[in-house]
Structure formats: structure tokens, C-alpha cells
Amino acid sequence: MKGLRTPLGRAIGLGPAKEGIGHWWWQRVTSVALIPLSLWFVFSVASLVGAEYQTVLDWMRSPVIAALLIMFVISFFYHLQLGIQVVIEDYIHTEWLKIASSLTLNFVAAFLALVSVILVLRVALGG
């Protein structure tokens, strides 16, 4: 049956690793999510310039603000990881260095996202 499929039918969604469409899709989803989240974050932080420390803490302790900050952090670090992964795959040609770079990238992005989420929760919950 393989011979009956068109070239387009064989190619849709399947890159060399058989997962290219998922990577592409999530990069687009996170970029769309980051548009309003980034605008909200920039305007929110700009409105807090010069504010008292307690005012900023009170702002971050709002459940809605904490949830938006967590969504922003997770989307940001996942989008960052997806984008840098493409750069690694495209421009690093030594296989062991590509694997080491990818593993390091995944670890660092996950670590920074986790630390950021924990810090937001710590402030939001009054810790």
C-alpha cells in the first residue's frame, strides 16, 4: 500500500525523526500564548515601577496574578527550549556534542522553569 500514497501524503507531519509536526505545533502554540502573556507581564511590571515592596508582594499574592505568572514562566521556558533545540539540531554537526547540548538544554530549561514556578508559589502563598 505504500506505493499508493502520494508524496505529500507520505510527508505530512513526518520529518526525519517522525515527530517534526509536534515540535513545530508546540512552538507555534507557545508563541501565540506568549503574545498576550508577555504584553500583560511588561505592562504589569511597568505599572509597578517605583512601587513599595509590600505593594509588589500584594500584587504577586493575587491568585490570578500568580497563575498568570506561572503560565508565563512555563510557556517562556518551553518556547525557549524548543527554539534553541532547533538551533542545536541545525548547527551542531558532531553527534556527541549535539546530544550533550540537547541534554544540557533540556536540564537547564526544566530547572529554571521549576525554580521560577516554586519562587512564584512561595511568594503567592506567603512563604
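Go through segment 61-76 and report how many residues are buried (at least 16 other Cβ atoms within 10 Å of the Cβ) and more than 18 Å from residue 26 (Cα to Cα).
4
Considering only residues of segment 76-86 that are out of contact with any Leu (no Cβ under 8 Å at 6 or more places or on another chain) and touching a residue at least 40 places away in the same chain (Cβ under 8 Å), which is nearest to residue 39 (Cα to Cα)?
78
Residue by residue, here is whether (1) part of a helix (DSSP H, G or I); (2) touching a residue at least 40 places away in the same chain (Cβ under 8 Å) holds:
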position	(1), (2)
74	yes, yes
88	yes, no
93	no, no
97	yes, no
102	yes, no
107	yes, no
117	yes, yes
122	yes, no
127	no, no
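Of the residues 59, 25, which single one is of a type outside the set (D, E, K, R), assigned to a helix (DSSP H, G or I) and at pLDDT below 95?
From the options 59, 25, the qualifying one is 25.
If only one of 39, 34 is surrounded by 17 or more Cβ atoms within 10 Å (Cβ to Cβ) and farther than 18 Å from residue 123 by Cβ, which one is it?
34
The values are calculated or read from the model by the stated rules, or taken from the named source; none is laboratory data. Note that this is a predicted model, so its numbers are computed, not measured. Virtual Cβ from ideal backbone geometry, glycine too; neighbours counted across all protein chains shown.
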